[in-house]
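Chemist: Got a structure for you, questions after.
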Amino acid sequence: MKLRLSPQTVLVLDAFLDQAEEWQYGYDLSRVTGLKSGTLYPILMRLAERKLLETQWEASDPGKPPRHMYRFTPEGLRFARANATAPASGGLGQVALGLVVR
Amino acid sequence: MGTPRRLAARLLRAVLRLAPDESREWATAMLRELEFIESDWAALFWALGSTTAILRHAASGLRNWISRKGRNEEGRMNSTGKKAMGVASGALLALMLTLAAFGLMRIIMILFPGLGHQDAHWPYFLGAIVFPEIIFVVSAILLWRKRTPIAAGILFTAIGIGIHVTVHLATR
């Protein structure tokens, strides 16, 4: 199934591309992209369902709840490099009239 | 912990309890992130957004399940319907051929009354019954591999007509 590349999805791809090798947290991605959880998580879910994103629970210290982390799979990285725009430098404020304005 | 954050945590825990299996990991992830949000109100908005995301995910899972089930049912119905249509068309073809042969023989009898003599039943049965029956059997054999339902329809009709003629001949 083809992934719909909304401006918000492009923002998420850009955010991952910025630190392609690093695991990222949901809330941090929300802050970087400016997307609310109701928009961000459906995108993460779709990317993970299409095996473009791998997920993992962080091994945390005792008493501290583990966090869910996300990172591109090799296929996801290829997909993002093919579809994302230039490196992300801002949030949702850049999305205007369905276009990512840079 | 302020009231909005308590409310957010309660909401996400309720969502986690009610979420379907495929959404549970995501609901847990959203709940865990709550701890790292500094502002209470931001936490509440995070929880509201997360609830929406989980509802959408669960609804999409349900929609996919219904759609898969619908496709399977439709596939089964289509397959059965196609087979029934094949059998019916085979039977209809055979019946039409029999009727055509029967009508042709009647016309021949009218045109050549001498053939309809009491002792001349065999040309009639040969033209209206035996030849069509041979055609049915041959066509059923030829069609069996590629058009099994149609071949079955033709064969059923051939058997029916054969039995009918046998009974007719036996009783008269």
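Chemist: Note down the relative contact order for chain B as a percent, whole number, built from C-alpha pairs under 8 angstrom at least six residues apart.
Modeler: Contact order relative to length: 21 percent.
Chemist: What residue among A:Q24, A:I43, A:L13 has its Cα farthest toward the positive end of the dipole of the stretch A:7-96, where the charges are +1 on Lys, Arg and -1 on Asp, Glu, each on the Cβ?
Modeler: Ranked along the dipole, the leading option is A:I43.
Chemist: Size of the stretch A:7-96 along its principal axes in angstrom, Cα-based, largest extent first?
Modeler: 43, 27, 20
Chemist: Let me spell out the model: positive unit charges on the Cβ of Lys and Arg, negative unit charges on the Cβ of Asp and Glu, origin at the Cα centre of the stretch A:12-81. What dipole size does that give, in debye rounded to 20?
Modeler: In total the dipole reaches around 260 debye.
Chemist: Here is a follow-up. Averaging sequence separations of C-alpha pairs under 8 Å and six or more residues apart, then dividing by the length of the stretch B:1-77, give the relative contact order as a whole percent.
Modeler: Normalised by residue count, the contact order of the stretch B:1-77 is 38 percent.
Chemist: Further, regarding this structure: Using Cα pairs closer than 8 Å and at least 6 residues apart in sequence, work out the relative contact order for the stretch A:7-96, in percent.
Modeler: 42
Chemist: Give me D for the protein assembly as shown in µm² s⁻¹, whole number, from Stokes-Einstein with Rh from the Kirkwood sum over alpha-carbon pairs, 25 °C and 0.890 mPa s.
Modeler: For the chosen part, D equals 99 µm²/s.
Chemist: For the protein assembly as shown, what is the charge dipole size about the Cα centre, in debye to the nearest 20, if Lys and Arg each add +1 at the Cβ and Asp and Glu each add -1 at the Cβ?
Modeler: 520
Chemist: In deg cm²/dmol and to the nearest 500, what is the mean residue ellipticity at 222 nm of chain B if only DSSP H runs of at least 4 residues count, each as -39500 (n - 2.57), divided by the residue total?
Modeler: Only helices count here, giving -29500 deg cm²/dmol.
Chemist: Now a separate question. Can you tell me the Rg and the Dmax, both Å, for the Cα atoms in chain B?
Modeler: When restricted to the Cα atoms of chain B, Rg and Dmax are 36.2, 112 Å.
None of the figures in this text is laboratory data; all of them are computed from the coordinates on show. Nothing here was measured: the structure is a model prediction, and the numbers come from that model. All Cβ positions, glycine included, derive from the backbone under ideal geometry; neighbour counts span all protein chains shown.
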